Structure formats: C-alpha cells, structure tokens
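K.L.:
My questions all concern the structure below.
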Amino acid sequence: MIGIITTAYFSVKDREGIKTLKKYWWRNVVIQIVRFKNKSFIIATTGYGKANAAMAMTYLMEKYAEMQTVINIDLALSTNDKFDTASTVLGTKFIYRDADLTVFKDIKYGQIVHEPEAFTFNDEFVQEIRNFKLGVSDGIIGTADMLIYNSKQFKEMVDKYGQSIDVIDTEAGAIAQVAKKSSIGFLSLKIMYNNALSPWDNDPLHKFKMYETSNTLKYLVARLFNLLSSKYVIDFSKCNNDELEAIFELYEWEHDGWIAKFKANTAKLLSGIGPSLLLVDGKEKTSEALDIIEVMKPKFDEEGPSKVILGEDEWKHAPKKWLRKMLFLENYDINDDELLWNKSAKYDVKVKHFSSIEDVCKNISKAIADKCQDKSSYTYEGATVVNKNLLVTIDMPITFYISNNATHEFVEDKTFGTKLVSNEVIKHLNEMLKETDSPFAKIKIFAKIPALRNKRISMWIESKNKINSNINFGTWNKGFANKYTVVDIMRTDYDPIKVGSFKVTVRLKPE
C-alpha cells in the first residue's frame, strides 16, 4: 500500500479498474482508500502545518501497517528562478527553516537536537519515481509553519540557510522526520504555484496559476496511479518528451494492456539501450525492441485548463503559452450540439488544424517510411535483439460522418463505426506504403478519432507484414465501402446521392 498525504482535496472517480473502497473522516483528516488495478492507495487530506501533517502520518502508520511508502503531493512556493509556475520538484532532502537551536553545540540552522542536519531519502522507491521521468526536477524543501511573502523574510532565510532551499512549504519536513524515524520510504512532489517573492494580492495571473497547478497535480496523480500499479519494472529515464507523452497516454487508455500487443511475457520496460524501449522477459533471456514515434502532435494541444474566462487585464498580462492555450480553446471549441463523432458536415470556416483522412494517412505513411530507412539492429546484454517493433501514435485531427448508402441512415454504433474508419485508413496506408520495405516484426498504429463532446475513441491498426517484406495493414474490405460511406469533410466528398440530403451545420467559434 502506498500513502499519499496532501493538503489539496481531490476525489478519485470510480471507473473501469479503479474503485474507492472506503472514505471517512478522522479528526480533521479526510481518508480515502482506493484500489487501482493491483495496487492500493490511501489518500489523506490534512490541514495545513507541521502538526497536522505529522499527526496524519502517525495515524496512517499505526492504522495501516501494510503501508510501505508515503508520497507528499502538494502545491508550494519556489525560492529561486529555477522553478516556474507548474514546475514540479522532487524533494528527497528536507530541513526545518524555522528551527534555530544553534545555542546548542554543533547544531546548525534547520537542525533539531539529536536529529540529522537534514532528512534525506534515496532508496529504491525514489529511484523508481525518477525512472518514471514525470517531468520533475530535484530540489531541497524547507518546511515551516510560516510562509515567506516579503524580501525581509527572504533575506533572513538566506542569511541563515544560504541559497540551498529551493522550495518552501508547511508540511513535508514534519512528514519526513516521522518517516525517517519509522523506516518508511518517503518523497515529496511539490508543484510550484508561485515564487515566494512574487506578489500574491492583486496578481492578474492568480486564476491562471491556480488552474495550472491544480491541473498539473491532477495529471501527476493520474500518472502515478498508472505507473505505480503497473506489473512491469519500468525505466523511462532515457525517453524523450515525445516518447513519454505517447507512453503516458497509452497507460491512460489501456494501462499495461498495450505492452502485451508486442511481447506477451514482458517483465521490464527499459529505455536508453538504443530503441525507445526494450521489452525484456523476467529471466532476461529474450528481448524485443520497440521504437515509438508520435505523428502530428498539435503544438497547441497542451495540458491545462479546459475552460478559463479571462478579464481584459488578465489578457494583457497572460504569458504567451496561456494565450496559445486560450486561443485554441476559444477558436476551435466545437459545439457539442451540432457535431457528433459521425454526424459532421461541411463548413466554410478555414481551420488549418483539421485535415482530411487522406492527408493524415500521408503523414503516418511518411513517418513509417522514414523510420523504415533505419535497418540497424539493437543489442542487449551482448546479444542481438532478434525483433524490433514500431509503435506509431497519432491524434487524428479529422472531421467526418458515416452513412448507410441504401438507407441514408447514420452509423451510430461506435465499435462498428471505428471499424469503418479503420478500413478507410487501411485503404490509404496500403496504397501509400506498398513499396516500402519494413525492418520491423510488427507495426502498430494507435490512433484517436473524434467522438461525441470533443472526446476521442481509440483505434488500433496492425500490420500483417513480416521482417524485410513490403508493409501491408491487411486486406481492404470492399464490402464495407459498398454498403457505407465515410464522408471526409475536409476532402469535400459530400455526395447527397450516396449519403442523402441531411446536413448538419458545424460552427467553429468565433464565426
């Protein structure tokens, strides 16, 4: 069991694979026990301050003896320019910045009598979190029941403790002290809300910062749940950012399931040995390479708030990254009442961010063909890796609808509709890649296609080829094409003879 202590209250919604087993109050602490896949998590939301944190930690240890490790996840303030809003700091070293017992011999600022100068953790669990490569940076956390909010306080802290403190908070040090005394693993993940010396009152970016840090916390917890509940030994430490985004998204959609599509007896996912990942069995006798490429990731599609209303002054002071997010949300937010995943229709607004199915397939084909030029092999533990595989991920920016040619009725079933879209994609891919020689044992495309209310539906397309043969994604089903038409709006192939005269108007804001 893994414990999570935070001052930010968040609830976990039950869905497939996750269930809240118990939820109750203890003193001023909200306790939630959650089961996700094969792992149990206990979430304790405490009040602010060292006493509340230490009390909650002590209660969890005594109540849940099976708890092996505790993570403190919270918002905090940075003390330097290394960390900006929404930066996440991995804390493994903790001091008290309000402890002054230097009257005793050999006691330093921040140190408690009969305690070490700092509480430091660097066990296997810390390394495991580092190997997940969650976009965090190491930093030293200084804890006190007092926050810094002016230059005088900051100068006093620097005079006493030097420039070593990167983050200030009100809980982590106390939890660290209890954990150290109890031989329990501990680390802290702090998401930066602001710099300690930045103005808090009348800050025009206050809404931005709170929304950004809150969303970062949400994504961080979700990814931790996914990765900590995985049955595999995981090391993503050498993966690049594009590979990581693709991997994290695959975990969100299918958890461990996507890995078995490439190698059934996988026990370890290792990076930094040549390919994006090396899939190794438990006895380390067999391994397969997996290269991961992400196609056409829109640069404006960033994690962040789903909707923020800005005042005039806030617009003036908004950072460029926020302007980019907000312009995307305002200009390309599709009206849910007028666009269904299979009931799109023609529109006159020119939007560069949507493409025809054929153009999307061109980009996929080019990415695959370019990757197939690399005929090199990989090695692991001195032996050549026999098979290498390719995973292509793409969020398809397409608009379409599907119609029965005879009845002119729209296809409503998502599962069957996805097969029809897949068939349309396979037709183009096979034509575009028919002369491409593949060095990969398997090529699999993980695509997300538009769905109701701006959601996405996942679609897997798998190659049928073998190593050193022309790429083929299976036979195109002509029967589908005779009975149904996938109307690609960006390709302007709206045909009333085939699909009837019913038309749905799509309005993209602003008009």
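K.L.:
Might you let me know whether region 220-240 holds any residue that is loosely packed, with under 15 Cβ neighbours inside 10 Å, of a type in the set (D, E, K, R), in a helix (DSSP H, G or I) and not assigned by TED's automatic domain parsing to the domain that holds ILE191?
P.N.:
Taking every residue of region 220-240 in turn, none turns out to be loosely packed, with under 15 Cβ neighbours inside 10 Å, of a type in the set (D, E, K, R), in a helix (DSSP H, G or I) and not assigned by TED's automatic domain parsing to the domain that holds ILE191.
K.L.:
Assess whether MET57 counts as being in contact with a Gly (Cβ under 9 Å, 6 or more places away or on another chain), more than 22 Å from ASP145 (Cα to Cα) and in the same structural domain as VAL126 (by TED's automatic domain parsing).
P.N.:
It is false that MET57 is in contact with a Gly (Cβ under 9 Å, 6 or more places away or on another chain), more than 22 Å from ASP145 (Cα to Cα) and in the same structural domain as VAL126 (by TED's automatic domain parsing).
K.L.:
Now for a separate question. Kindly indicate whether any position in region 259-267 is at pLDDT 90 or above and part of a helix (DSSP H, G or I). First the steps, then the outcome.
P.N.:
Taking region 259-267 first, the residues at pLDDT 90 or above are 259-267.
Among the residues that remain, those that are also part of a helix (DSSP H, G or I) are: 259-260.
There is at least one residue in region 259-267 that is at pLDDT 90 or above and part of a helix (DSSP H, G or I).
K.L.:
Also, quick follow-up: Step by step: first the residues of region 345-383, then only those that are under 29 Å from the mean Cα position of the chain (by Cα) and more than 30 Å from ILE467 (Cβ to Cβ), then the one that is modelled with the highest pLDDT. Which residue is that?
P.N.:
Here the residue is SER356.
K.L.:
Could you list all residues from region 262-273 that are surrounded by fewer than 16 Cβ atoms within 10 Å (Cβ to Cβ) and either among the aliphatic types (A, V, I, L, M) or in contact with a strand residue (DSSP E or B) (Cβ under 7 Å, 6 or more places away or on another chain) (or both)?
P.N.:
Answer for region 262-273, where residues must be surrounded by fewer than 16 Cβ atoms within 10 Å (Cβ to Cβ) and either among the aliphatic types (A, V, I, L, M) or in contact with a strand residue (DSSP E or B) (Cβ under 7 Å, 6 or more places away or on another chain) (or both): ALA264, ASN265, ALA267.
K.L.:
Inside region 258-295, can you point out the residues that are over 25 Å from SER458 (Cα atoms) and among the polar types (S, T, N, Q)?
P.N.:
SER271, THR286, SER287
Here is a yes/no grid of residues against (1) over 24 Å from PHE94 (Cα atoms); (2) modelled with pLDDT under 85:
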site	(1), (2)
ALA196	no, yes
LEU220	no, no
ASP235	yes, no
ASN240	yes, no
LEU244	yes, no
GLU252	yes, no
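K.L.:
Restricting the search to region 442-485, which residues are basic (Lys, Arg) and over 23 Å from THR407 (Cβ atoms)?
P.N.:
Hits for region 442-485 are LYS442, LYS444, LYS448, ARG453, LYS455, ARG456, LYS464, LYS466.
K.L.:
Now for a separate question. Go through the residues of region 116-130 one by one and say whether even a single one is buried (at least 18 other Cβ atoms within 10 Å of the Cβ), at positive phi and not β-branched (Val, Ile, Thr).
P.N.:
No, the conditions are met nowhere in region 116-130.
K.L.:
Now a separate question. Output the residue which, of all residues in region 427-473 that are closer than 22 Å to ASP359 by Cβ and of a type in the set (Ser, Thr, Tyr), is surrounded by the most Cβ atoms within 10 Å (Cβ to Cβ).
P.N.:
In this case the residue turns out to be SER463.
K.L.:
Now for a different question. Could you tell me which numbered condition ALA176 fails, if it satisfies all but one of (1) farther than 18 Å from GLY3 by Cβ; (2) part of a helix (DSSP H, G or I)?
P.N.:
(1)
K.L.:
Would you tally the residues in region 2-59 being more than 15 Å from ALA176 (Cα to Cα), modelled with pLDDT of 90 or more and of a type in the set (Gly, Ala, Ser)?
P.N.:
Residues in region 2-59 being more than 15 Å from ALA176 (Cα to Cα), modelled with pLDDT of 90 or more and of a type in the set (Gly, Ala, Ser): 2 in total.
K.L.:
Restricting to region 383-401, give me the number of residues that are of a type in the set (Lys, Arg) and closer than 17 Å to LEU429 by Cβ.
P.N.:
Residues in region 383-401 being of a type in the set (Lys, Arg) and closer than 17 Å to LEU429 by Cβ: 0 in total.
K.L.:
Looking only at region 137-173, count how many residues are surrounded by 14 or more Cβ atoms within 10 Å (Cβ to Cβ), modelled with pLDDT of 85 or more and of a type outside the set (D, E, K, R).
P.N.:
The number of residues fulfilling the criteria is 12.
K.L.:
Also: Would you check which residues across region 82-137 are assigned to a strand (DSSP E or B) and small (Gly, Ala, Ser) and list them?
P.N.:
Residues satisfying the conditions are GLY91, SER137.
K.L.:
Let me ask something additional. Name, by its number, the condition in (1) polar (S, T, N, Q); (2) under 30 Å from TYR59 (Cβ atoms); (3) crowded, with 19+ Cβ neighbours inside 10 Å that does not hold for ASN194.
P.N.:
The number of the failed condition is (2).
The values are calculated or read from the model by the stated rules, or taken from the named source; none is laboratory data. Remember, it's a predicted structure, so these values are computed and weren't measured experimentally. We place every Cβ from the backbone using ideal geometry, glycine too, and count neighbours over all the protein chains shown.
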